[in-house]
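Please read the structure below before turning to the comments.
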Amino acid sequence: MPEQDPVYWDPYDPRFWNDPYPAYRRLRDEAPLYYNEKYDFYAVTRFADVERGLPDWQTFSSARGGILELIKSGIEIPPGTLIFEDPTVHDVHRRLLARVFTPRRIAELEPRVRDFCARTLDPLVGEREFDLVKAVCVQMPMRVIGMLLGIPEADQEAIRDSADAALRTEPGEQMDHQDGSHFSNELFRDYIEWRAKNPSDDLMTVLLNTEFEDEDGTTRTLTHDEALTYTTVVAGAGNETTGRLIGWLGSVLAQHPDQRRALVDDPSLIPGAIEEVLRYEPPGPSIARYVTRDVEFHGRTVPAGSAMLFIVAAANRDENRYPDPDRFDIHRKMSQQLTFGLGPHYCLGAALARLEGRVAMEEILKRFPRWEVDWDRTKLAQTTTVRGWETLPLTIG
């Protein structure tokens, strides 16, 4: 039996994009603490290591960013980015944002999300094919964030396209963070100024008018610059990952028609199917952190000042956590889901993403119980932060 090459993995190499899981398996087995010399970062891939590391913000800091390129760039991150902060500043900002992501507010969105799905999908009934990404994935998340923020529908597409462009990379290239567009989408500024003078029942009004005690002990409201940063982060995070989730639902269910039929016959199984897709093909495959102090994994030291990648997509397929992890199973019982993170940075929008995924699947399966994917015409989008379909043509029948 020929010897295998030394284990290697590169988040920027297109060879690993379509099916990274064999490489992840070798990393788990042969290099559970992996060091990439070319880009100077460490990575862990086992469930236990990711579960241990993500909540430990004192050792694995978010203050320099949660994206590998961002950490390596060393650029200054503005206050209020939330996902790129550590406690106690993070806790102050998270509590403020948590007031608008309440279960009641999210539940109230469901009829409007369902109405949007119906308006989007009804014109496609009778078509022999359509692109699920173009029809639903790139539209729905920004519409829903727009509903929360109160942004007029006419302005939502421009904002979505701007957020997508900020995350896009060319094959083999890294993300460019130098222009600061990840923290401050100027398309929101005019809307913030207008909403400050014209309050309504939406997230933006709550953000602008809610008093809070900041990290200095001062009771105040957000400045407009802070609100701009909050809004940019919320819109970018919610738009990209939720759209990818819906795309993976479409492709994975095409590959498992028997399980898709089970969902058609019993829609109550859909929430479990969403959890399994989140495990099986997570839209955010890895989470980066800055190492603040020397830390040991598997008998080796990761020195302070390093960049660490917690590869969630690999941990989600760890056979020591999930029986037969490479098998897709909508009936799988899961006690812990890593895809939305752990600890202080557990995704605030997780319930909203699950709502969107569930409603989208209910409405799609109601109208299109069977479909195939035209795999020759698909295109996968990949960065170090997101992985999912850029085009996903479905053939109906």
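General observations
- Near Ile77: Cβ cut-off under 9 Å, other residues only, Lys/Arg at +1 and Asp/Glu at -1. The net charge is -1.
- Over 30 Å (Cα to Cα) - which of Lys38/Lys134; Lys38/Lys379; Lys38/Lys333; Lys333/Lys366 fall in this group: Lys38/Lys134; Lys38/Lys333
- Mean shadow area of the range 314-397, taken as a quarter of the surface of its Cα convex hull (nm²): 7.6
- Both the radius of gyration and Dmax for the range 219-271 are 18.7, 56 Å, in that order, over alpha-carbon atoms.
- Here, the range 1-43 has an Rg and a Dmax of 10.7, 32 Å when only alpha carbons are counted.
- Once the Kirkwood radius over Cα pairs is known for the range 53-145, the Stokes-Einstein relation at 20 °C and 1.002 mPa s delivers a diffusion coefficient of 128 µm²/s.
- Which label in [x] 20.9, 67; [y] 20.9, 73; [z] 26.0, 95 gives the computed Rg and Dmax of the Cα atoms in Å: [y]
Bear in mind that the values in this text are calculations on the coordinates, not laboratory data. In this text, all values refer to a predicted model and were calculated from it rather than measured experimentally. When we count neighbours, we look across all protein chains shown, and the Cβ atoms used for this are built from the backbone with ideal geometry, even at glycine.
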